Amino acid sequence: MLLLMLVSAGMLVAGLWEILIFREFGPMRGVFVQIAGAAVLCAVGTVLARNLIHSALYLVAFFFLVACLFIMLEAEFLAVMQVLVFIGAVAILLMFGIMLTQDVQGDQVEAHSVLRRLPAAIVAIGLFVMLAVAVQQRPDFSKARTERAAPSVAARERVLNQMPQELGLDLMQRWCLPFELVGLLLTASLVGAVALAQPVGSLSAGSDGTPSPGSLTETPEHLSREVAGGTHSSSRPDLVSP
Amino acid sequence: MPTVPVIPSVWPSSSEWFFLSPVLLMAFWGVLVLMLDVLVLRNRTLLSTRAKWLGLTSLVGALAALGLAVGLLWPGVLATDVLSANEEFFNGTIAFDAASALLQVVGIGFLVLVIGLSMTWVFTNEQGEYYALLFWSAVGMILMIEAEEFMTLFVALETMTISIYILTGLETGSKRSSEAALKYLIYGSAASALFLFGLSWVYGLTGTTRLAAVGRALVESRTVEGIGGQWTSGLALLLVLAGFGFKVASVPFHQWTPDVYEGAPAPVTAWIASGSKFASFIAMIKVLMLALGTWSVDTGHLQSPGWVVILSILAAVSMTYGNLAALGQQNFKRMLAYSSIAHSGYLLVGVVAIGVSSQRTEATGAVLYYLCTYGLATLGTFAVAAWLAHDVGSDQIDDLNGLGFRRPVPAFCLAILLLSLIGVPPLAGFFGKMLMFMEALNAGGNGGIALTWLVVVALLNSVVSAFYYVRVLKALYLRQPGPAIGKSFPSGVIWTLVIAAVATVGFGLNPTALLDPLGGAGISLLTSPEPASSGRPVDSNGITQSATVPENPAQTQVPVAPAPSASAR
Amino acid sequence: MNGLWVSIVAMKMAALSEPVPWVAWFLWLFVGFAGLFPLLVAYIVWGERKVAARFQDRIGPNRVGPFGLLQSIADLVKLLFKEDFTPARADFLIHALAPVLMLISAMLSLAVIPFGFGSVSMRNDPVTGVLRPTLTGFSAVDLPSGVPYLIAVSSIASLGLFLAGWSSRNKYALLGSMRSVAQMVSYEIPQVLATVPIVLWSGTLSLTGILDRQVETGWYVLTPPGFMAFVIFMISSFAEVNRAPFDLPEAESELIAGFHLEYSSMRFGLFFLAEYMSMFAVCCICTTLFLGGGAIPFLAFPRGLLGGYVVVDLFLNLITILVFSLKVGLLIFLFFWVRATLPRMRVDRLMAFAWKLLIPLCLVNLLIAAIWFEIVIRPVAGRPDGPGFLQWWIGFGVTALLEVLAFFGAVWLYRQDSEHSLKTWRSSTGSKPSIIAWRSVPTKV
Amino acid sequence: MSQDVPLNWYLIVAACVFVIGLFGVMTRRNPIAVLMSIELMLNASNLNILAFWRLGTPNPGEAPLTGVVFTALVIAVAAAEVAVGIALILVCYRVWKSADVDRYDSMLG
C-alpha cells in the first residue's frame, strides 16, 4: 500500500515537474500520462486497499484526478461538479457509512482468497485486452463524417467559452425532461434513504428471517398495538419508551 | 452538403406537457401521498389507519392517472396532425405515439393492481414513502417506455430501478428484505455501470444519443467504414445487452432474481416481475431495433456474432436453466422467480423473432401481447404469494395445500393463471407463446437465421415447466388442507386474482381484442419520431406517414443513406 | 496533494484562456499564497486576541514588540520548535495529510477572489448576450464557474477534518470530527442556497462577473432578498469555518478540543492557520458576493477610468484593494464580536437550526429574489443606466414586505416545531424526568 | 490543449479504470467497497463520454453539449445510487450486525 502511495506521489511530482518544464501548453501528453497514470494507480489502490478508509481516500484521489482529466478535456464546469459531488458528497457519505458499520478504525481485514481473486482477475484482464483491441480498432470517422458534422463541431467549439451558461440553457430547454427526471430521481433516493435509515422498532420479527404473522387490515387494532407498543399518541417506535 | 436539421431547443409547449399528464399526475401524487403521511397522519393515527388512508389515496391517484391515460387513447385526442406537429416531442427525448399511449395504459394498470395488493397487509412503517416510491418508479417506468434517446432512457431506468431497490428494502426489520435489497442494489448498480459503459461506446461511435440517429449513423457507417465489423461494436453491444439482460433477468445476469423475488415484500415482487420487466423489454426492443438494428446479425465481415445470435443463445439457456431450477423449489416465490427467468427466455425468443422476421410489427405485437398477459398472470400469482405472506406467515408451496376445497374461487383463479403460464390452449399464455414461436419460425423462410432449434427448445421447456406448475395445482386440489387455510382473503388479493384470471381467459378466447391494438402499437414502436427531413416519407400535406416501417437493415443489402431534404423545417 | 493539482491545472487553464503572463501566477503562488496570506492570518489572530481582550476588559498581547505586534510571530516560532508528536497507533500518513487538506481548501478558495477591479475588457453580457466592457478582476484565476468552485473547494475541508479525527485513534477526536462533518455538510446547504439569488441576478457563475454586475447595479446586500441572503450566508459561514457559536467540533468542555486533540507542534499550527485562513476566505467571498468587492459605496468611481494605462490601472486597483480589505476587516471584526458575545450552541439544536430554519428560509428567499429579478433587473437588462428609481423602490417595498413576512413565519414555525417535538418527547418518555428530557427543554429562540 | 492528447489514450485509461472497478465488484466482500468499485466504473464511463464529446466526431445536427449533459446526469445518478446504497448497507448492518456480503445468507443461494 505504502509503495503504491509513494509511486503515485512520485508520478504526481513528476507531473508537476512536467508542467513547470512545458510552459507552452502544446505538449500536454506528458501531463496526461502523469495524471492518468496516477488515476489508474489510485483506482488500483481503491480496489486493493484492505483498510476501507484507505480505499475511500484512494477513491478521493481518483476523483480529483478524473476532475483534472476533465479540465484537460476543457469541461471545467464538470470538473468542478465532479469535485463538488463526488468528494464533497459521495466520499463523505461513504466515510460515514464506513464509520457506522465498521469498527472505528475501519480496518477489518478482509480475507484475500485466491479462489475469488483469480477468476476475477482473469475476467478483468480479458475484458481489458478486448477493450484495448476495441480501442485500437475503433473506426475513424474523420473521413466519413467530419464534413457533415462540421456545424456541430463548430458549435461545440463555440460553447466552450460559455460553458456554464450554455449548459444551463441546454438543461432547461433541450434536455429538460431528463433533467427534471433526475430531479425526481434525487428526490426519490433522498426520501428512500431517509425512510430506510430511520431507526425502527419491530414491525416484523427480524430474528428468524420470516415475517411475523401480521394482521389483516380488517383487524387494525391488533397490529397497531403490536407496533405502537400500546401508546396511541405515537406510532413512532423510537419515541416509545421501552 | 445538404444542411442538417437541428432539433430545436425549446421549453416544451403546454400541449406536450398535456400529453405527459398521466406521468406528471403520478409524480405529483407521489409527493402528495408523502405529504399527507408526513404532515397529517404520521404520529397522529394508528399505523393501520394510516396505511388504509394512504393506500386509498394512492389508489385514487393511480386510477386517475389510468383515466387520463385512457382518455389520451380516446379517438381524436391523439389526432394525426397533433402527433406530427409533435415530432420533436420534448425536443426528441421521448416519443408520444400510439405505442406509448397504449403501453402506458398497461403500465399504469399494473400499478393500480400493485397498489391494491399493497393494501392487503401492513409490512412497513414507512407507508407514505412506500406509495410515493411506487408512483415514482412508475414514472420512471413509463418514461423508459417512451424514451427515444439514451440519456432519458438511462435516467428513467435508474429512476425506476433505484426506487425499486428502496421498495425492496422497505419491509422494516426483516432480514430477507434488507438482504434482497442490498443484493439487488449491488447487482443492479454493477449492471447499470456496464450498461452505461456500453452506452458511452455507442455514443462515441455515433456521436449522438438519439436512438434513430444512432441507427442512421450505424447504417451509414456500414457503407463507409464498417463499424459493424469491429471488436468495438461487439463489446459495446455486449455491454448494452448485459445491462438489459440484468433488467429482464436472463441467464448470465440472473443471480439476483431468486433472492430478490423471495426477499422483497410480495407486492413489490409483483411490481418487479410485471412492471419492471414490461418496461425493460420494451426499452430493449426499442434500443435493439431502432438504434442497434445494424448489429443484429452476422453479415459476413462481422467479428461479433450480432445480437440475434447472442440473444438466441441467452434465450435457450435462460429457458432451460429457469425451468430446471424451478423444478426443485419448495418456496412459492422462489419458484416463481425461476419461472420468471424461464419466461424471460421465451420473451427473448420473441425479441429474436422481431430481429429476424420479415413481419416485424406482427412479431412485436406478439411480444407485447405476451408481456401484457404474462404481467397479469404474474400479478395474480404474486397476489396469492402476498396472501400467503401476510396470512400464513410463510411462502412455501405446501402452505397452499387444499386451498381448492376451502377457498374455491381464488384457487380456481390461481389454477387458471398457472395453466396460462404453462401455455394451455384456450388461455392467453398459449396464444402469446404460439404467436411468438410462429414468428420465430416464419423468419426461417426469409433468409434469416433458422430459428427452428430455438423453438424446439422452447417447446421442450414448456413441457418441463408444466411439472412444477402442476405441483402447485396438485397442492391446490389433491392435498389435504393444512391448518392455516381457511382465513379469508383480503379484497385486494381477490380483486387482483379475479381481474387477472378474467383477463387471461378473455384474451385467450378472443386474442385479437388485445392483439390488434398492440400490433398497432408495434408499428409506432418501431418507427421513431425524428426530424422529418431525415428519411421519413412526408406526403404533400406534411403529415408523416407513421405506418411505414423501415425495412429490416439486416435484410436490405446496403441501405441508402437517407437523403435529407432541406425544405422540411 | 491533489488539491495542488487542481489548482495548478486550473491555473494553467486560466493562463490559457486569459493572457495572464507566467510571472503573474508565479507571483500569486509564491508571494500571495505562500507569503502574504499566512502573514495576514497571523495578524488576524493578533487582532482577535486584542479584540477579545477589549471585550473582556483586558489589554491583550502587549509584551512582544509594540502593541504586542510580534506576538503571533513568537507563537509561530514556539509552535515550530515544539515536539512533533504522533500517537503510536495513528495512521501516520493520513495524520499528516489532514491539516494540509484543510489548509489547501482554504487557500484554494482564495484563488478565485477578485481582490481588485483589474482591467476592463470586452465580453459578452451574460444576461443579454451583448458585447460590452467588463471588469477582468484582480484575482489569481478568473474561473467561469467560480461559485460552484468555491463550494467544491470548501467541501474538501470537511474531508480533512474527518480524517484528522479518524487518524488520531482517539474517541474524542473522532466524535468531534463526526460532529463537525455533519455540521459542515448541513450548513453547506443554506450557504449554497444563499448564493443562488446572486447567481440568478448576475446571470453568471464567475466571481468577476458578479463583481462587475454589482458595480453597475448596486451592491446586492442593499436589496431586501440580498440582505436576507447575506445574513443567512454569514450565519452558515460561521458554522462552516467552525467558529463560535458553532464551534462544537472543538468544544473544549465536552470534547477536550475535538478533532485536533492529538495534534501538536506545527501540525496543530496548520489547523490554526487553516481555521483563520478559511475565516478570511469566507469574509472575502462574502465581500465579493454581497458587498460589492472593492467598490466604493454609492460610486462607480474607478470603473470608467480603467483600461487605459497600466500605471493608472495599478493605482486604481490599489485603491479598490484597500476598500476590499476594509470591508473584509469589518466582517472579520463581526466574527470576533460574535465569538466574544454568544455562547456555544447545543449539538441537537445545531442541526434543527440549519434544516428547519435556515434552509426553508433560503428557499423562500429564493422565490423573493426571483420576484426582485422580475421587477427590477429583467426589465432593464442591457440598459446602461440601470434600474429606474421608481422601479427600484417598488421592488424594494414589495420584497421587503415579503422578507419580513417570511422571516417571522419561518421563526414562528420553527418555534412551533420545537415545542411540538418537546411535547412528543415528554409524552413518550412519560412523567419520569430524565436528564436528557430535562436538558431538551427549549428556551426561547 | 486537449487536441494534443489522442482520444485513444483517454479511452484506454477509461477502459483500465472500468476493468479495475469490475475486478473490485467481483472480489470485494464489504458492500461499501463494492459501492466504491461501482463508482470507479461510473467514473470510467464518464471519462469515456467526455473524451468522446470533446475529441470525437459528433453526429451531424447533434446538439453541441450532449456529452456534457450526459456526464452531468450520470454524476447525479451516481450520487443517488450511493445515497441509497449507504442507507441499505446501514439497514443490513442493523439487521445482520455485520457488513460482509458473504454473511448475508437468509435465503438459499
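If I model a spin label as a point 7 Å beyond the Cα along the Cα-Cβ vector, how far apart are those points for residue B:63 and residue C:52 in nm?
6.7
Can you compute the equivalent ellipsoid semi-axes for the range B:307-527, i.e. the square root of 5 times each eigenvalue of the Cα gyration tensor, sorted largest first and rounded to whole Å?
Largest first, the range B:307-527 gives 33, 19, 13 Å.
7 Å from Cα along Cα→Cβ at both residue C:319 and residue C:88: what's the point-to-point distance in nm?
Spacing of the two 7 Å Cα→Cβ label points: 6.6 nm.
Would you mind computing, in nm to one decimal, how far apart the modelled labels at residue A:150 and residue C:311 are, each placed 7 Å from Cα along Cα→Cβ?
5.1
Within 15 Å, Cβ to Cβ, of residue C:150, how many net charges do the neighbouring residues add up to if Lys/Arg are +1 and Asp/Glu are -1?
Residues close to residue C:150 contribute a combined charge of -4.
Using a Förster distance of 25 angstrom, determine the FRET efficiency expected from the C-beta separation of residue C:344 and residue C:407, and round it to 0.05.
0.55
For the range C:81-124, which chymotrypsin sites (Phe, Trp or Tyr not before Pro) are both in a DSSP coil and crowded by at most 14 other Cβ atoms within 10 Å?
Passing both the DSSP loop test and the Cβ count: C:85.
Using DSSP to define loop residues, name the trypsin sites (Lys or Arg not before Pro) in the range C:65-121 whose beta-carbon has at most 16 other beta-carbon atoms within 10 Å.
When the trypsin sites (Lys or Arg not before Pro) of the range C:65-121 are filtered for loop state and at most 16 Cβ neighbours within 10 Å, C:82, C:89 remain.
Under 5 Å between amide hydrogens, which residues at least 5 positions from residue C:116 or on another chain qualify, with H placed 1.01 Å from N in the peptide plane?
It is C:138, by chain and number.
Please give the FRET efficiency for residue B:467 paired with residue D:97, using the beta carbon to beta carbon distance and R0 = 45 Å, rounded to the nearest 0.05.
0.65
Using the structure shown, select from B:52/C:356; B:175/B:333; B:183/B:247; B:247/B:433; B:175/D:97 the pairs with a Cα to Cα distance greater than 18 angstrom.
In this structure, B:52/C:356; B:247/B:433 exceed 18 Å between Cα atoms.
Rounded to the nearest 0.05, what FRET efficiency do residue B:10 and residue C:374 have when you use their Cβ-Cβ distance and R0 = 22 Å?
Efficiency for this residue pair is about 0.60.
No lab work stands behind these numbers, since they all come straight from the coordinates. Everything numeric here is computed off the predicted structure, so don't read it as measured data. A quick note on method: Cβ atoms are made from the backbone with ideal geometry, for glycine too, and the neighbour counts reach across all protein chains shown.
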